[in-house]
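For reference, the structure discussed in these notes is given below.
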Amino acid sequence: MKKIKQHRRLVLFIQVFLLVFIIAAWEICSDVGLLNSFIFSSPSRMIKSAAELYHDGNLLGHIGITLAETFGSFLLVAVFTILIAVLLWWNQTFSEILEPYFVILNSLPKSAMAPIFIVWLGNNMKTIIITAISLAVFGSILNLYTSFISTDPDKIKLIKTLHGSRIDCLTKVILPLNLPSILSILKVDIGLCLIGVVIGEFLAAKQGLGYLIIYGSQVLR
């Protein structure tokens, strides 16, 4: 137990050290001219700009909008992913019909789809959330479904031997055994949803961090 704690402390120390080292190296390289500070900026200039936005009363509002869109899209992705993966596992014919379509949809360039969503849905928050969902949901469904069908068949046979129903197989074997996979997929989804929201805000927002990035690039700030 003591060795485990020491290992965790060592890992945490190295993680913090790497972060501090990268930030310090970035700042020094920018100050001495190894990096073009006009193009790459520097940590100190970024902190100064963030402080100015905070004092202007803009930063927290933009962060709040982006977080709301991210968590909203993430909740929808989580529900859709688990529900559809369960449906695919439940009905083999259903999965054989729909799986190729999910593969195709997952391979589409989502950033290129965002302008199409604007035409379909208008320039609003709905478009941003749909963009974020499209970036995360299809790959998550495929990964979770693959995890479901890879579950140890002996455990399912045991449930059936005890006269368990299909719902028993789902609730007592499939979902419990795949809980680590579900959590792992959802951890990736939260990042993908944030990326999707920022992409949507690039094109269809007047608020949010994506809008701030576009505005900053236009005024070179």
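The values are calculated or read from the model by the stated rules, or taken from the named source; none is laboratory data. This structure is a prediction, so every number in the text was calculated from the model and none was measured. Because the Cβ atoms are built from the backbone with ideal geometry, glycine has one as well, and the counts that use them run over all protein chains shown.
Remarks
- For the residues 117, 148, 138, the requirement of being in a helix (DSSP H, G or I), under 22 Å from the mean Cα position of the chain (by Cα), buried (at least 20 other Cβ atoms within 10 Å of the Cβ) and modelled with pLDDT under 85 singles out 117.
- Residue within segment 107-120 that is assigned by TED's automatic domain parsing to the domain that holds residue 198 and either more than 21 Å from residue 199 (Cα to Cα) or of a type in the set (Ser, Thr, Tyr) (or both) present: yes
Each row is one residue, and each column tells you yes or no for (1) touching a strand residue (DSSP E or B) at 6+ places or on another chain (Cβ under 7 Å); (2) among the β-branched types (Val, Ile, Thr); (3) at pLDDT below 90; (4) under 29 Å from residue 124 (Cα atoms).
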site: 32; (1), (2), (3), (4): no, yes, yes, no
site: 37; (1), (2), (3), (4): no, no, yes, no
site: 45; (1), (2), (3), (4): no, no, yes, no
site: 49; (1), (2), (3), (4): no, no, yes, yes
site: 56; (1), (2), (3), (4): no, no, yes, yes
site: 73; (1), (2), (3), (4): no, no, no, yes
site: 106; (1), (2), (3), (4): no, no, yes, yes
site: 109; (1), (2), (3), (4): no, no, yes, yes
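- Contact map, segment 144-162: first residue more than 25 Å from residue 78 (Cβ to Cβ), second residue of a type in the set (Lys, Arg), Cβ cut-off under 7 Å, separation 6 or more or different chains; pairs are 159/172.
- Scan of segment 5-43 for residues that are under 28 Å from the mean Cα position of the chain (by Cα), under 26 Å from residue 208 (Cβ atoms) and of a type outside the set (A, V, I, L, M), ordered by number: 26, 40, 41, 42, 43
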